[in-house]
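Below you'll find the structure, written out as structure tokens, and then a few comments.
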């Protein structure tokens with residue numbers, strides 16, 4: 001399915017931009033590119049929701065579960081502990 005292929009491509013493009021920031025540093029240009037790629041990915045996620053491939057409620061639940069795991073296993077959530 002084309003939508004799934006595009007989702008994979010967009011995930012890869014986000015990963016590439018993250019890698020470039022880690023390699024070369026965070027700049028306004030890299031911020032712009034990362035925001036653009038994340039926006040492209042979110043667009044595909046919304047299309048997947050619109051077409052019944054994803055459930056908004058299930059995705060929201062998964063987000064909450066991930067935040068709980070991050071609180072336990074990552075310092076990303078230290079401010080929320």
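Coordinate-derived values only; no laboratory data. None of the values given here were measured: they were computed from a predicted structure. Here the Cβ positions follow ideal geometry from the backbone for every residue, glycine too, while neighbour counts run over all protein chains shown.
Consider residue 29 carefully, then state whether it is without any contact (Cβ under 8 Å) to a residue 12 or more places away in the chain and assigned to a helix (DSSP H, G or I). Write out each step before concluding.
Values: without any contact (Cβ under 8 Å) to a residue 12 or more places away in the chain: yes; assigned to a helix (DSSP H, G or I): yes.
Here the answer is yes, as residue 29 does meet what is asked.
Quickly run through region 44-58 and pick out the residues that are part of a helix (DSSP H, G or I) and surrounded by 13 or more Cβ atoms within 10 Å (Cβ to Cβ). Full working, then the answer.
Quick first cut of region 44-58, residues part of a helix (DSSP H, G or I) only: 44-50, 56-58.
Result: 44, 45, 47, 48, 49.
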Test: residue in region 62-75 that is in a helix (DSSP H, G or I) and within 12 Å of the chain's Cα centre (by Cα) = yes
Could you check how many residues of region 21-50 are under 29 Å from residue 1 (Cβ atoms) and in contact with a helix residue (DSSP H, G or I) (Cβ under 7 Å, 6 or more places away or on another chain)?
-> 10
